[in-house]
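Have a look at the structure below before the remarks.
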Amino acid sequence: MAVVTFSTLFSIRGGLRRFAERARRIRELGPDAGSFSGRTSLSELAYVGAEFDRMVEALHRSAAEIRHTAEENAHAFKTPIAVIRQSLEPLRRALAEANPRAQRAIGVVEHSLDRLDGLVAASRRLDEATADLLAKPRVPVDLGKIIGALIQIQSAVLASRDVTIILASRDLMMSADLIPGLFVLGTEEMIESIAENLIDNAVSFAPPGSEILVHLTHGDSFAHLTCRIRARGVPIGQLERIFDRYYVERDAEASNEAGQNHFGIGLSIARRHVEAIGGTIEAQNRTPHGLAVHLRLPLAPVR
């Protein structure tokens with residue numbers, strides 16, 4: 001009896017280990033990595049494995065449905081927005097220029113349409129980001145290479161706003177990629193979205209003539225990415241709120257993009273992606289002034 005009991009326990013233990021390995025493979029490679037039910041010969045675990053397979057299938061169906069619905073909703077909203085925008089031009093021509101109140105009202109409608117158009121695009125980005133969290137497999141991604149490429153893309157925008165980005169790695173100023181070969185575990189789209197939203201947010205708040213410090217190190221199985229700007233900090237008690245969806249706290253004088261629409265989704269998407277891959281993100285006010293956003297991203301396992 002004791003031999004049978006121990007044999008059963010070891011079989012169950014082995015089955016659970018295979019389940020854990022299969023879960024990791026599905027997370028990294030997607031549903032094509034195999035099934036749970038095919039990884040056990042125990043009837044006691046076969047039913048559990050089949051339920052896990054159905055759960056994975058349902059998650060990926062949900063991701064596909066989210067993408068499809070996001071596209072349909074965006075199209076449904078874009079059509080009436082375009083019709084209203086086209087209808088404003090003949091109204092503007094029909095109204096006398098000597099009627100400033102009417103002209104101002106049309107300007108308000110146009111501004112509201114621009115904002116509504118931006119909100120539709122932002123909502124679609126959020127839905128697509130949610131679908132990516134559910135469906136995309138996790139792979140090693142070169143974090144330093146992505147940051148270097150993003151800053152090169154931003155170079156023209158930075159020059160037009162008189163903002164300089166300083167790249168630093170292990171306290172050394174760098175002009176090329178930051179720590180080449182520093183791989184974190186995620187998807188390329190997810191890591192790129194994290195870095196892009198972080199840098200875009202810093203650029204939008206950096207005053208003309210200022211500097212943005214991007215610092216990358218690694219230790220304790222994590223990559224540490226910090227983006228620091230010398231600008232007015234966040235009001236006390238609001239630091240956690242800057243990661244909330246649709247939260248906007250922008251000083252018209254301090255902002256580099258005071259005239260543009262901002263919807264408060266960039267840092268929200270960044271936090272959701274960071275937490276989905278097992279990392280953390282936090283903001284701190286710097287003394288005497290400035291703001292730093294610090295990320296911890298888990299390093300990809302060395303194979």
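For the criterion of being part of a helix (DSSP H, G or I), surrounded by 13 or more Cβ atoms within 10 Å (Cβ to Cβ) and at pLDDT below 75, Arg25 passes. Within region 263-303, track down each residue that is touching a strand residue (DSSP E or B) at 6+ places or on another chain (Cβ under 7 Å), modelled with pLDDT of 85 or more and of a type in the set (Lys, Arg). Within region 263-303, Arg271, Arg296 qualify. Please work out which residue is farthest from Ala195 (Cα to Cα), limiting yourself to region 134-154 and to residues that are touching a Ser or Thr at 6+ places or on another chain (Cβ under 9 Å) and surrounded by 18 or more Cβ atoms within 10 Å (Cβ to Cβ). Checked region 134-154; the qualifying residue farthest from Ala195 (Cα to Cα) is Ala135. Of everything in region 227-252 that is within 20 Å of the chain's Cα centre (by Cα) and open to solvent by 90 Å² or more (accessible area, probe 1.4 Å), the residue that is modelled with the highest pLDDT is Arg241. Screening Gln260 against (1) modelled with pLDDT of 75 or more; (2) over 30 Å from Asp142 (Cα atoms) leaves a single unmet condition, (1). Scanning region 102-141 for residues that are within 14 Å of the chain's Cα centre (by Cα) and of a type outside the set (D, E, K, R), we see that the one that is farthest from Ile265 (Cα to Cα) is Leu134. Of everything in region 160-182, what is modelled with pLDDT under 80, among the aliphatic types (A, V, I, L, M) and not in a loop (DSSP other than H, G, I, E, B)? Give them in sequence order. Those that are modelled with pLDDT under 80, among the aliphatic types (A, V, I, L, M) and not in a loop (DSSP other than H, G, I, E, B): Leu167, Ala168, Leu172, Met173, Met174.
Between Asp53, Asp114, the distinction of being surrounded by 11 or more Cβ atoms within 10 Å (Cβ to Cβ), charged (D, E, K, R) and farther than 30 Å from Tyr246 by Cα belongs to Asp53 only. Inclusion of Glu65 among residues that are buried (at least 16 other Cβ atoms within 10 Å of the Cβ) and charged (D, E, K, R) is not warranted.
Within region 183-226, the only residue that satisfies the criterion of being open to solvent by 10 Å² or more (accessible area, probe 1.4 Å), in contact with a strand residue (DSSP E or B) (Cβ under 6 Å, 6 or more places away or on another chain) and in a loop (DSSP other than H, G, I, E, B) is Ser221.
The values are calculated or read from the model by the stated rules, or taken from the named source; none is laboratory data. Every value quoted in this text rests on a predicted model; they were computed, and no experiment measured them. Note: ideal-geometry Cβ built from the backbone for every residue, glycine included; neighbour counts use all protein chains shown. The accessibility values were calculated without ligands, DNA or RNA, using every heavy atom of the protein model including side chains. Shrake-Rupley method; radii C 1.70, N 1.55, O 1.52, S 1.80 Å.
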